[in-house]
Amino acid sequence: MKVYKEVIRYESAPLSARHHDRGTTEPISFYFSNLEELLSWKPSSQDMFNIAVTPLAKRYPPLTSRRPKTLVCHDMMGGYLEDRFIQGADSKDPYVFYHWQYIDVFVYFSHRMFTLPPVCWTNAAHKHGVSILGTFITEWEDGAKVCEAILSGDESTYKAVADQMVALARFYRFDGWLVNIENVLSPAAVSRMPAFLSYLTERLHSQVPGGLVLWYDSVIHSGELKWQDELNDQNRQFFDACDGIFTNYNWKEDHLVRMAAGPRSADIYVGVDVFARGDVVGGKFETFKSLEMIRQYGFSAALFAPGWVYECFNREQFLENQHRFWSLLENHLYAHSLSVLPICSSFCLGRGMKRFSYGQAEDVGPWLNLSAQELQPIFSQVALGEGASYVKSRICPQDAWHGGNSLLIEGTLSADTNAVSLRLFSLHVPAPEKLMLAIVYKLESATNVSVSLEVSTQDAPVCDVESVTEITGQTLTLETPSDPPQILTEQEESSGWLKRFYEVQLSGCLITSLSVRVAKTKHNQDDENFVCRVGEIRVLDASLPLPPSVQPSDLTLSHVHWRRDQESSQLSVSLTLHWTHPLENLRHFRIYCRGVTCHRAPESQPHLLGLAHACIYRVVDLAVPDPCPPTPGRLEFAVQPVYKDVVETPPPVWGHLGLEFVEQTHTEV
């Protein structure tokens, strides 16, 4: 174990105010307020917290397909709220987004000039195969001056701006930009805008695979700020220079009719203001009216500010209102499919009132960290016959197997119904030779029902993109559990949670969906009501050899900051841990600390400090006892990798690092 030796000093740590909260030194996400900040940006070692670690997941159909798409533009109360804290925040009833399988593009929007998506949003979006964009916006007279500075001079100026925008997307690993010019442009500036967009788009495509540049419908070809609510000859030159247009919101059906004959209809994102400001179609809980009309003409849709359900209602009812809002849109949304194994989810939203591990609460208190959000299912409801039998799903914030939430499935099996199934994930995965599935669940007040998994398959070859929603195939009901495989043998069942494992041999077919099936164990004429919490689902390629346990290596620490409370004299330390470890198939790292040990203090037990989603973690204000001269104080840190496809690693293969500290001035460092 590497041991660092430190002398306690109370001067400020050399931390960048852009990257760290000034009060706590916690790492934060940031934006650029002006052109000078953008052009002076260079990557530094303190940027590491802000780099997304989750690559854009493979999905089907790909974003390049000509199927109409759905874009969500965030615009949550100005942005950079609790979500700016990269390692999470103690936030009660925070906003989260989790209907990812229905959308294709997520725009993080604010009124800062260069809005960079907080890293937690990029990780969550990419996990679900959703592209995420930042926003470049200029507004009012100050915005006009910025546009003049960028566009009215030599082309080298706008190319330098575009190059920095591309460099930011590539370095922080988001997928592109929404360009929103909300001010008048001079004739010189507007004449160069298509060239700027074209150069930005070309450079982004070459540097960021799958990168997107979208233009917001605002300025027209004359430079006048004049929203068109459609694509037409007034703004077409900007559309032609990039990947698509996001129209203004005050359109009517006539606008859609006029655009209908265009060859790039899927690149026209018809704007929908969920707040229903202005003269709009639909909005609020009637947003489905907008989507229905947009889809009738084959266009993509851009939902602006769906956080309306959070901002305008009781926040304690947010999950219910969010579920209601998206359920009303369901018939006009196109789900995309996950296309790679393993699939592993505890259904955690990245928020909770407690943090659970193996069904036990290990940390009590509200929390938010969107990087901890796991794969989200398709939330739906199925009714059979006259509706006496039904099953529906929603998020359960009261109990969980891992993280902060589980999936609550409830319903009724009527006298003439023996079983009902609910699809959780749409898939497009070639079946491996051996498939291993696992489910952790808990049944409440139902003695005559059983829970199992169903896998739907389709014979190869796969169908075309256009017919993906029409797949019909074979359904395999997995009712006979297998013995727990070595790779998934974990802790014992606890708090009523049950585990079931299934091994399936498949050949030459495509897995198209994963469902939960609830069935009566005894056929009778009674209605059976059931409540089932699903804590975790895994789908693994069991034909692959077991991956070796790899110990985190090269553990180092930096930016140590000591503090002593003036009232209590409590000593505390903040520091940054770094390490090296492969991130493939990793869920997160658990960070532990043990200390202090000295001749007057017994050896303490390790306790959990928090979770890391990259190979870096900032320990903030860790309270430690004073050292006991002549023996130094000693802290020991441990980093435990937690995987999607294997059991949690035992302590011998964790990464370890020690810190010894004294209150002297002559100790060797």
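The values are calculated or read from the model by the stated rules, or taken from the named source; none is laboratory data. Note that the structure is predicted; figures quoted are calculated from it, not measured. Glycine gets a Cβ as well: all are built from the backbone with ideal geometry, and neighbour counts include every protein chain shown. Each accessible area value is taken on the protein alone, full model and side chains, heavy atoms only, with ligands, DNA and RNA left out. Shrake-Rupley method; radii C 1.70, N 1.55, O 1.52, S 1.80 Å.
Among what's in the range 1-19 and is in a loop (DSSP other than H, G, I, E, B) and open to solvent by less than 60 Å² (accessible area, probe 1.4 Å), pick the residue that is nearest to L575 (Cα to Cα).
The residue in question is A13.
May I ask you to list pairs of residues, at least six apart or on different chains, whose Cβ atoms are under 8 Å apart, with the first in the range 403-426 being farther than 30 Å from G88 by Cα and the second being acidic (D, E) and surrounded by fewer than 24 Cβ atoms within 10 Å (Cβ to Cβ)?
From residues that are farther than 30 Å from G88 by Cα, the pairs are T412/D527; T412/E528; L413/D527; L413/E528; S414/D527; A415/D526; A415/D527; S421/E454.
Is one or more of the residues making up the range 272-287 under 20 Å from F109 (Cβ atoms) and touching a Pro at 6+ places or on another chain (Cβ under 7 Å)?
The answer is yes; a qualifying residue exists.
Among the residues in the range 596-619, are any open to solvent by 30 Å² or more (accessible area, probe 1.4 Å), of a type in the set (V, I, T), touching a helix residue (DSSP H, G or I) at 6+ places or on another chain (Cβ under 7 Å) and part of a loop (DSSP other than H, G, I, E, B)?
No, the range 596-619 contains no residue that is open to solvent by 30 Å² or more (accessible area, probe 1.4 Å), of a type in the set (V, I, T), touching a helix residue (DSSP H, G or I) at 6+ places or on another chain (Cβ under 7 Å) and part of a loop (DSSP other than H, G, I, E, B).
Inside the range 292-370, counting only strands (runs of 3 or more DSSP E) that do not spill past its ends, which hold 3 or more residues that are crowded, with 18+ Cβ neighbours inside 10 Å?
Of the strands (runs of 3 or more DSSP E) lying wholly inside the range 292-370, those with at least 3 residues that are crowded, with 18+ Cβ neighbours inside 10 Å span 300-304, 343-345, 351-357.
So, in the range 257-275, exactly how many residues are farther than 19 Å from R67 by Cα and open to solvent by 30 Å² or more (accessible area, probe 1.4 Å)?
Selection size over the range 257-275: 2.
Quick check on the range 205-216: of everything there that is touching a Cys at 6+ places or on another chain (Cβ under 7 Å) and within 16 Å of Y249 (Cβ to Cβ), which residue is surrounded by the most Cβ atoms within 10 Å (Cβ to Cβ)?
It comes out as W215.
How many of the residues in the range 413-437 are open to solvent by less than 20 Å² (accessible area, probe 1.4 Å) and touching a Phe, Trp or Tyr at 6+ places or on another chain (Cβ under 6 Å)?
So the answer is 1.
Can you tell me which residue within the range 41-67, out of those that are under 22 Å from the mean Cα position of the chain (by Cα) and among the polar types (S, T, N, Q), is most open to solvent (accessible area, probe 1.4 Å)?
Let us first name the residues in the range 41-67 that are under 22 Å from the mean Cα position of the chain (by Cα), namely 47-64.
From what is left, the residues that are among the polar types (S, T, N, Q) are 50, 54, 64.
Working: N50: 13, T54: 33, T64: 115 Å².
In this case the residue turns out to be T64.
Among the listed residues S574, S569, S558, which satisfies the condition of being open to solvent by 60 Å² or more (accessible area, probe 1.4 Å) and either under 27 Å from the mean Cα position of the chain (by Cα) or over 30 Å from V646 (Cα atoms) (or both)?
Result: S569 is the single residue among S574, S569, S558 that is open to solvent by 60 Å² or more (accessible area, probe 1.4 Å) and either under 27 Å from the mean Cα position of the chain (by Cα) or over 30 Å from V646 (Cα atoms) (or both).
Looking only at the range 217-225, decide whether some residue is out of contact with any strand residue (DSSP E or B) (no Cβ under 8 Å at 6 or more places or on another chain), over 28 Å from P61 (Cβ atoms) and open to solvent by less than 10 Å² (accessible area, probe 1.4 Å).
yes
If you go through the range 92-107 one residue at a time, do you hit one that is under 21 Å from G211 (Cβ atoms) and part of a loop (DSSP other than H, G, I, E, B)?
Yes - at least one qualifying residue is present in the range 92-107.
Would you mind finding the one in V281, V257, V270 that is touching a residue at least 12 places away in the same chain (Cβ under 8 Å), among the β-branched types (V, I, T) and closer than 15 Å to C73 by Cβ?
None of the others qualify; the one that does is V270.
I need the full set of residues from the range 374-399 which are assigned to a loop (DSSP other than H, G, I, E, B) and in contact with a Leu (Cβ under 6 Å, 6 or more places away or on another chain), in order please.
Within the range 374-399, just P377 meets the criteria.
Open to solvent by less than 30 Å² (accessible area, probe 1.4 Å), in a helix (DSSP H, G or I), farther than 30 Å from L338 by Cα and of a type in the set (V, I, T), is that true of V166?
Numbers: open to solvent by less than 30 Å² (accessible area, probe 1.4 Å): yes; in a helix (DSSP H, G or I): yes; farther than 30 Å from L338 by Cα: no; of a type in the set (V, I, T): yes.
Answer is no for this residue.
Output the residue which, of all residues in the range 441-457 that are in a strand (DSSP E or B) and hydrophobic (A, V, I, L, M, F, W, C), is most open to solvent (accessible area, probe 1.4 Å).
In this case the residue turns out to be L443.
Just to verify a result, which residue in the range 20-40, among those that are part of a loop (DSSP other than H, G, I, E, B) and at pLDDT 95 or above, is nearest to the chain's Cα centre (by Cα)?
Top of the filtered list is S29.
Need pairs with beta-carbon distance below 8 Å; first residue under 17 Å from L63 (Cα atoms) and within the range 198-212, second among the acidic types (D, E); sequence gap 6+ or separate chains.
Matching pairs, first to second residue: T201/D243; V208/D175; G210/D175; G211/D175; L212/D175; L212/D243.
Quick check: anything in the range 544-551 open to solvent by 40 Å² or more (accessible area, probe 1.4 Å), touching a Phe, Trp or Tyr at 6+ places or on another chain (Cβ under 8 Å), outside any strand (DSSP E or B) and not polar (S, T, N, Q)? Full working, then the answer.
As a first pass, look at the range 544-551 and keep what is open to solvent by 40 Å² or more (accessible area, probe 1.4 Å): 544-551.
When the remaining residues are screened for being touching a Phe, Trp or Tyr at 6+ places or on another chain (Cβ under 8 Å), the result is 547, 551.
From what's left, outside any strand (DSSP E or B): 547, 551.
In the following step, the residues that additionally are not polar (S, T, N, Q) were identified as 547.
Scanning the range 544-551 turns up at least one residue that is open to solvent by 40 Å² or more (accessible area, probe 1.4 Å), touching a Phe, Trp or Tyr at 6+ places or on another chain (Cβ under 8 Å), outside any strand (DSSP E or B) and not polar (S, T, N, Q).
Restricting the range 87-128 to residues that are open to solvent by 20 Å² or more (accessible area, probe 1.4 Å) and in contact (Cβ under 8 Å) with a residue 40 or more places away in the chain, which is nearest to the chain's Cα centre (by Cα)?
Looking at the filtered set, the residue picked out is K127.
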